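The values are calculated or read from the model by the stated rules, or taken from the named source; none is laboratory data. Please read these numbers as outputs of a predicted model, since none were measured by experiment. Cβ coordinates were reconstructed from backbone atoms using ideal geometry, including for glycine residues, and neighbour counts include every protein chain displayed.
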Amino acid sequence: MSEMLRKARAWPVLETKMASSAHSASPDAIMQLGLGFWNAKVLLSAAELGVFTELADGPLDGETLRRRLDLHERGARDFFDALVALGMLDRRDGRYANTPDTDFYLDRRKPSYIGGFLQFANNRVYPNWVGLTEALRTGRPQGTARHSGDIFSERYADPALRDEYVRGMTGVSLPVASALATRFPWARYKTFIDIGTAEGGVPVAIARAHPHLEGGGFDLPAVQPVFERYVRSHGLAERLRFHPGDFLTGDLPEADVLVMGHILHDWDLGTKQALLAKAHDALPRGGALIVYDQMIDDERRTNIPGLLMSLNMLIATPGGFDYTGTDCLGWMRDAGFASAQVEPLRGPYSMAVAIR
């Protein structure tokens, strides 16, 4: 296990202990948690600056790396060494290098790159979290959504913002898509469509793993150019096509399997229920709906990422919130599905699978 993954996996242990009993947390642990944004911002800035892409061709001494990134002398060494201490870089004989994980996931030139989400988080999510206290007091979203009430119209109206957002969704979805491609019995089905597909990371991952499948993605019309470009880059244009539409005002496309990932949590309860009902209507008898999110554990104690994501929905949307697996199963049954079950997917993610 890499040092980066070891440290990342240690965090939930600390957080769970602190959540279970305030008396069990030492002053040092409390301070570490309270200043956790320091760690996050170092990584977010590194992704923004392209540190890992610069090092993808091989190790560099600190001065060469500083000059290539156009950084000031004063903070560069501490910045690079902080990344070493956090497990994001390696350093040997004064030369900095990527770890195997950061080289695989954070080099912008690799198809496995997930840093698009870190860039989106740095530019959009991180600044809005300054407003958490205000959101808790008022129940209203912060940042851009505070003024428009619509998290998508502003993003998609500007091509640059649209591209930043969809690349971010690819970054956060790719690891989950890989798990989804192996954990669901795709051999039983012929067609599938990813609802709210963004750039198309999920359908591409599934289609590459299962050559018999055909399908595509459904999203607002403004997304079509970036979806088609991404699909072409993976050589899948003949099997995956874009379905334009608005799931708030129209029907969903028909397929054997519909996938909704990072979708339900954007909306209030009534909209969640309406989307599940539309999915039920669009599926054939025996068809399947897959819903995946960072579902909160039923006891609401251990899946900290799910709870924090729900707070992010408070900040980012007028009515969105995350939910437990039991919540989702209940909504699926109310929508008319014959059966449904929840299974762990990857890390904090679970999937609810409903059969019509």
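Within the stretch 317-350, track down each residue that is surrounded by fewer than 18 Cβ atoms within 10 Å (Cβ to Cβ), part of a loop (DSSP other than H, G, I, E, B) and over 16 Å from the mean Cα position of the chain (by Cα). Within the stretch 317-350, GLY319, GLY336, ALA338 qualify. Taking PHE120 as the residue in question, decide whether it is aromatic (Phe, Trp, Tyr), at pLDDT below 95, surrounded by fewer than 16 Cβ atoms within 10 Å (Cβ to Cβ) and under 30 Å from SER173 (Cβ atoms). Answer is no for this residue. Enumerate the pairs (first residue in the stretch 225-237 and in the same structural domain as ILE193 (by TED's automatic domain parsing); second residue anywhere and among the hydroxyl-bearing types (Ser, Thr, Tyr)) with beta-carbon separation below 9 Å, excluding pairs fewer than 6 apart on the same chain, so at least 6 apart or on different chains. Once the first residue is in the same structural domain as ILE193 (by TED's automatic domain parsing) and sits in the stretch 225-237, its partners that are among the hydroxyl-bearing types (Ser, Thr, Tyr) give PHE227/THR197; TYR230/THR170.
Residue-wise test of (1) under 19 Å from LEU252 (Cβ atoms); (2) surrounded by fewer than 19 Cβ atoms within 10 Å (Cβ to Cβ).
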{"position": "ARG108", "(1), (2)": "no, yes"}
{"position": "ILE114", "(1), (2)": "no, no"}
{"position": "GLN142", "(1), (2)": "no, no"}
{"position": "GLY200", "(1), (2)": "yes, no"}
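GLY62 fulfils the conditions (1) more than 25 Å from PHE120 (Cα to Cα); (2) modelled with pLDDT of 95 or more; (3) touching a Leu at 6+ places or on another chain (Cβ under 7 Å); (4) not β-branched (Val, Ile, Thr) except for a single criterion, (3). Only one entry in LEU314, LEU307 is assigned to a helix (DSSP H, G or I), over 14 Å from CYS328 (Cα atoms), of a type in the set (A, V, I, L, M, F, W, C) and in contact with a strand residue (DSSP E or B) (Cβ under 7 Å, 6 or more places away or on another chain), namely LEU307.
Scanning the stretch 178-198 for residues that are buried (at least 23 other Cβ atoms within 10 Å of the Cβ) and assigned to a helix (DSSP H, G or I) returns a single hit, LEU180.
Looking across the stretch 247-269, the residues that are acidic (Asp, Glu), part of a loop (DSSP other than H, G, I, E, B) and either out of contact with any strand residue (DSSP E or B) (no Cβ under 9 Å at 6 or more places or on another chain) or not assigned by TED's automatic domain parsing to the domain that holds GLY201 (or both) come down to ASP251, ASP268.
Within the stretch 203-247, restricting attention to residues that are aliphatic (A, V, I, L, M) and more than 22 Å from the chain's Cα centre (by Cα), the residue that is surrounded by the fewest Cβ atoms within 10 Å (Cβ to Cβ) is ALA237.
Highlighted here are the helices (runs of 4 or more DSSP H) found entirely within the stretch 48-95 that include at least 1 residues which are closer than 17 Å to TRP38 by Cα: 73-85. For PHE184, the conditions (1) within 20 Å of the chain's Cα centre (by Cα); (2) under 30 Å from PRO159 (Cα atoms) are fulfilled apart from (2).
Applying a threshold of 6 Å to beta carbon distances and a minimum spacing of six or more residues, or different chains, the list of pairs starting in the stretch 260-288 at a residue that is under 15 Å from LEU248 (Cα atoms) and ending at one that is of a type in the set (Ser, Thr, Tyr) reads ASP266/THR317.
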